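Take a look at the structure below.
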Amino acid sequence: MEEAGSLENEKIEMDCLLEAIFRKYGYDFRSYSRSHVLRRLRRRVEIDGLLSFSELQHRVLYDESCLQRVLQDLSINVTEMFRDPAFYQVIRAEVIPVLRTYPFVRIWHAGCASGEEVYSMAILLKEGGLESRCRLYATDFNEATIEKAKDGIYSLADIRSYTANYQKSGGTGVFSDYYTASYDSAIMNRELKKDIVFAHHNLVTDGEFGEMHLIICRNVLIYFNRDLQKRVVSLFSRSLARGGFLWIGSKESLRYDDPEEAFEPVVENARLYRKRYGTDE
């Protein structure tokens with residue numbers, strides 16, 4: 001009974017911490033997956049040598065550097081270039097031909113993290129002959145993460161696996177042409193960055209981006225609870241032009257959600273969906 005009571009107290013303290021972060025700073029993690037938040041915050045308490053979430057709450061309220069560490073903990077940063085290469089083959093085959101029919105293409109990469117998948121898409125668009133008429137909007141709630149994505153600097157050790165992913169994804173060029181090696185780092189070429197707009201956006205609290213032709217939000221929804229998932233999918237529907245595409249993560253699905261049947265699957269096992277014509281939320 002004592003252990004159960006201790007766990008209940010911990011959850012209450014966590015709720016108070018999340019409420020404090022929201023009320024003071026405007027970052028809302030209250031609808032994130034409970035298990036995800038609990039696991040990440042326990043790790044932060046341990047690393048900082050604290051005794052409880054209540055002690056962490058005190059530090060967050062009076063020390064913004066502590067807040068930044070917590071934001072980094074709660075960010076979704078599991079990413080890599082050309083992750084799930086077979087899925088990129090689907091994008092090349094199913095989405096790029098449609099995008100070529102538009103005079104100008106707008107793409108929103110929601111939850112861009114450190115930018116690896118944004119640059120992957122920029123490369124794919126270039127190889128699809130679309131780089132001169134595309135604008136990519138790459139957003140995240142974490143300012144530090146956005147700055148890292150802007151820099152586009154990755155370790156050469158990671159680049160080796162990214163190269164393999166690129167080749168498996170159907171890449172038609174030489175991957176090393178897209179970056180410059182400097183010591184132990186790879187710097188993505190400026191040419192890839194010129195049509196990318198990096199910006200702060202919080203999927204939990206901010207509004208839609210209008211008339212996008214493709215929205216990419218991979219492996220983010222799984223960290224939200226059911227209600228927040230529904231709200232974010234509805235946000236995406238409002239942000240898409242009719243006939244626009246939504247691409248989500250390999251462990252995610254729209255089956256739990258039915259915002260007036262806004263989406264239909266294009267390739268279900270690749271988690272690629274399309275907004276139905278006539279749907280206007």
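The values are calculated or read from the model by the stated rules, or taken from the named source; none is laboratory data. Computed from a predicted structure; not experimentally measured. Every residue, glycine as well, gets a Cβ built from its backbone with ideal geometry; the counts of neighbours run over all protein chains shown. What goes into the accessible areas is simple: the full protein's heavy atoms, side chains included, and nothing from ligands, DNA or RNA. Shrake-Rupley method; radii C 1.70, N 1.55, O 1.52, S 1.80 Å.
A few remarks follow.
- Count of residues meeting criterion [open to solvent by 20 Å² or more (accessible area, probe 1.4 Å) and either among the aromatic types (Phe, Trp, Tyr) or at pLDDT below 95 (or both)] in the stretch 128-140: 5
- Of residues in the stretch 199-229 being of a type in the set (D, E, K, R) and open to solvent by 30 Å² or more (accessible area, probe 1.4 Å), the one nearest to Leu99 (Cα to Cα): Glu211
- Verdict on Ala241 being part of a strand (DSSP E or B) and more than 22 Å from Pro97 (Cβ to Cβ): no
- Among the residues here, Ala149 does not qualify as free of Cβ contacts under 8 Å to residues at least 60 places away in the same chain, part of a loop (DSSP other than H, G, I, E, B), in contact with a strand residue (DSSP E or B) (Cβ under 9 Å, 6 or more places away or on another chain) and of a type in the set (Gly, Ala, Ser).
- Count - residues of the stretch 178-189 that are open to solvent by 100 Å² or more (accessible area, probe 1.4 Å) and either under 23 Å from the mean Cα position of the chain (by Cα) or without any contact (Cβ under 8 Å) to a residue 12 or more places away in the chain (or both): 1
- Among residues of the stretch 30-56 that are touching a residue at least 60 places away in the same chain (Cβ under 8 Å), those with a beta-carbon under 7 Å from a residue that is of a type in the set (D, E, K, R) at least six positions away or on a different chain give the pairs Ser31/Asp227.
- Subset of the stretch 7-29 (residues that are surrounded by 15 or more Cβ atoms within 10 Å (Cβ to Cβ) and either in contact (Cβ under 8 Å) with a residue 60 or more places away in the chain or touching a Gly at 6+ places or on another chain (Cβ under 7 Å) (or both)): Tyr27, Asp28, Phe29
- Residue list for the stretch 56-115, filter: modelled with pLDDT of 90 or more, among the β-branched types (Val, Ile, Thr) and open to solvent by 10 Å² or more (accessible area, probe 1.4 Å): Val90, Val98, Thr101
- Output for the stretch 128-146, where each listed residue is in contact with a Leu (Cβ under 7 Å, 6 or more places away or on another chain), more than 18 Å from Ile76 (Cβ to Cβ) and touching a residue at least 60 places away in the same chain (Cβ under 8 Å): Glu131, Cys134
- Total residues in the stretch 58-115, condition assigned to a helix (DSSP H, G or I), in contact (Cβ under 8 Å) with a residue 12 or more places away in the chain and more than 21 Å from Asn269 (Cβ to Cβ): 12
- Taken together, Leu192, Leu125 contain a single residue that is free of Cβ contacts under 8 Å to residues at least 60 places away in the same chain, in a helix (DSSP H, G or I), open to solvent by less than 40 Å² (accessible area, probe 1.4 Å) and not aromatic (Phe, Trp, Tyr), which is Leu125.
- Of the residues in the stretch 171-187, at least one is closer than 16 Å to Ser120 by Cβ, part of a helix (DSSP H, G or I) and in contact with a Leu (Cβ under 9 Å, 6 or more places away or on another chain).
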